[in-house]
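Right, one structure below, let's go through it.
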Amino acid sequence: MTANNDRALSRRGFLSIAGIGALAAASGCSSSTRARIASLTAFSGGGTYGSSRYQAMYGRMVDNGEVIPAVNLNRVPEQFLRREVADPTGEKPGTVVVDTDAKFAYYVMPGGRAMRYGVGVGREGFGWSGRADVRMKRIWPTWTPPREMIQRKPELSEYAGGMPGGIMNPLGARALYLFQGGRDTLYRLHGSPEYWTIGTNESSGCIRFMNQDIIDLYDRVKVGSPVLVRAGVYV
């Protein structure tokens, strides 16, 4: 990935970050503190709902050498956990549909079914909607703060050449890059270690998934797959 591609992540205010080493509670593709990540990594799993399936689905995992902490299920409402449902979108199989009102993303499957994920969405004024396609996919992607962000937050200058992928990286374990008419929308579907923000409007524009979920979606989606982002409840 080029630095220019990464810089596009944050133009027009899509990303807000309080600086590496300070948790930005309202950040779009922000990174948690090292202390917070360390405490999450130490969490061994468990939680509510009494389902060993959920505990296995969101348990601690090692991915390409990176440790992804287990999700504390007590901190994620059950409706936002990954599950197969009847497809409410009417879109063709292989399409990803994000309902920003309901905070759900759907991967449409054959036979009238869909895999549904809980997501965190952008705060009012930072969002994007429309049809696009997945032009790039990245595993543990690099993130490069744009020049404007570095000017506002000089402490980010150490990442001017790009922040390597990893659990501290704002883009999480995977990123899907959306293009429209051959042009970058500056919109991303990406992972986040901040699983407690799923189901909220805590990001600054990008659609964030739990890392375990974005890995599942990444493995299903092909480059060129259509994506629809819209506000509204499907019936």
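Some notes on this structure:
- Enumeration of residues in segment 104-141 that are basic (Lys, Arg), surrounded by fewer than 21 Cβ atoms within 10 Å (Cβ to Cβ) and either at pLDDT 95 or above or closer than 19 Å to residue 215 by Cβ (or both): 113, 131, 135, 137, 138
- Hey, residue 228 crowded, with 22+ Cβ neighbours inside 10 Å and modelled with pLDDT of 95 or more or not: no
- Any pair with Cβ under 8 angstrom, 6 or more apart, that starts in segment 64-76 at a residue that is within 10 Å of residue 195 (Cα to Cα) and in a loop (DSSP other than H, G, I, E, B) and ends at one that is modelled with pLDDT of 95 or more and of a type in the set (Val, Ile, Thr): 76/198
Listed here are the residues, each with its yes/no results for (1) part of a strand (DSSP E or B); (2) closer than 18 Å to residue 195 by Cα.
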site: 85; (1), (2): yes, no
site: 88; (1), (2): no, no
site: 98; (1), (2): yes, yes
site: 102; (1), (2): no, yes
site: 108; (1), (2): yes, no
site: 114; (1), (2): yes, no
site: 117; (1), (2): yes, yes
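- Flag if residue 45 is touching a strand residue (DSSP E or B) at 6+ places or on another chain (Cβ under 6 Å), modelled with pLDDT under 95 and in a loop (DSSP other than H, G, I, E, B): no
- Verdict on residue 152 being within 21 Å of residue 197 (Cβ to Cβ) and free of Cβ contacts under 8 Å to residues at least 40 places away in the same chain: no
- From the list 59, 21, the one residue that fits, being farther than 17 Å from residue 211 by Cβ, part of a loop (DSSP other than H, G, I, E, B) and either at pLDDT 50 or above or touching a helix residue (DSSP H, G or I) at 6+ places or on another chain (Cβ under 8 Å) (or both), is 21.
The values are calculated or read from the model by the stated rules, or taken from the named source; none is laboratory data. Treat the numbers as computed from the prediction; the structure is a model and nothing was measured. With ideal geometry, Cβ positions are generated from the backbone for all residues, glycine too; neighbour counts draw on all protein chains shown.
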